[in-house]
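Below is one structure, written out as structure tokens; comments come after it.
A short reminder: the numbers here are calculations on the coordinates, not readings from a lab. The structure displayed is predicted, hence computed values, not measured ones. Cβ atoms come from the backbone with ideal geometry, glycine included; neighbour counts cover every protein chain shown.
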DNA sequence: TCACAAGTTTGATGCGGGTCAAACCAACAC
DNA sequence: GTGTTGGTTTGACCCGCATCAAACTTGTGA
């Protein structure tokens, strides 16, 4: 939780501090605050409470409804963000990994709008809200945050549209391709990866049951499109997977 | 009135020109750029290309993929925003009415991420992007736009979660209650309203077929929860509708 | 005004995916 | 090691919603 984090940032105006070039060296590279904004690398990390905040698998970064204290950049590991529906059940609205920023939706009313739970051991930059807002007084950084938020809107809109319109096969195929693409962006193989979430979590994200997710994976395997072994997945025929997307049953 | 408005707006900065008080008089009132930000009423409208841009039913405000030129505030009428899926079909991702801002998602890459189509005759403020960005150099306005975007993220996240998890009855009940609440916010009756979209459009938004939407409305009517007559709806038992949301099956 | 297109309602039927169940496996605590 | 818990796979069944169809209503344009 945010409270346990220690503030070790300098006392002077943090926004304009010479940077420890930690962002530049960070494994997230350009993914976190992406292209065309070199200044951000120099301004973000020095604002963090602690550039090495770690969470263990299962720990929560923040809770829905809690007063927002920080904005977070994921440095390593995987998170899920969850929403609680009116009937009490929890639904996953996103999976997040290195280079992504968590907590932006909380800027709407000052409370986090989702939970964020670590799916693996994680490392984040926690940027206290007041420092973050200080950063946003600079128009370049401010514009950049708008870009991040706008992308988030477009991403979720597309997800919502797809959830309502696609079949289980289409959804699972799209999910695998999405993971693969994000993996490739980070320099890993787009063909082989480890799912960092359970079938149940995939199902919750896609609006399916875990049995259907598992069955669909088995189906793809039986057709030679992928190889699955537990959480290990290998995409054997990406274009065939892609063609699953356009074919209405 | 003009004097009041002049007071807090320095004359030399073009962004903060004394306003023609149109925003203050606008029917959107506080809904457009909501509470706690009086300055915005005074700065937004003067930036518009034309404070009386009108569209007729069926016209498009912008198209997906087009280079973004403006951000829009809806003054009157109803819009839908649509996304095109990889298989070519179009899905509705939102309905929008007076006081809501369209085009914010386009700030992500400079292109509109959805279509926006007028469902009725409409009137909008079209604010050219360069003027909008000028406005955003002021930290108050910039923060306000972040609030709008953050709310949009939370709204769509919740929509995506619900689409995947709710049954047809739950979805339609929630939809009616949502319309009702937004209607009430604008000073109209929360009990009686005219649906400004077709069954097919509701279905597209909720991930259902138009037949299922119609049947569900008929079902609610048969149970005395609502009265439907074409596009005219009257909510007769709001709490019973709300209880539809929590009851699984 | 009429004519045609589009939207709505209701019914009949079938399938995709939810539900229930059982066996198996991996992770972890002790 | 052993027990426990949670995740995975596969099968059997069935229900909610999609699909197909037909009759009807509403809207729109000449």
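Descriptive notes on the structure:
- Spin-label pair residue B:223/residue B:57, simplified geometry with 7 Å Cα→Cβ offset, distance in nm: 3.1
- Distances, shortest first, from the label point of residue B:87 to those at the same position in the other copies read 2.6 nm; the point lies 7 Å along Cα to C-beta.
- For residue A:58, the label point sits 7 Å beyond Cα toward Cβ; its separations from the matching points on the remaining copies run 6.1 nm, from shortest to longest.
- Position residue B:181, label points 7 Å along Cα→Cβ, spacing to each other copy in nm (shortest first, one decimal): 3.2
- Counts of other chain beta carbons within 10 angstrom of each beta carbon in peptide A:99-108 average 4.
- For the stretch A:128-192, the square roots a ≥ b ≥ c of the C-alpha gyration tensor eigenvalues yield an a/c of 1.5 or more together with a/b not exceeding b/c, which makes the shape oblate.
- For the peptide B:135-141, the mean number of other protein chain Cβ atoms found within 10 angstrom of a residue's Cβ is 2.
- Shielding by partners - mean other protein chain Cβ count within 10 Å, residues of B:84-95: 5
- Protection proxy ranking for B:180-192, A:193-205, using the average of other Cβ atoms within 10 Å per residue and placing the highest first: A:193-205, B:180-192.
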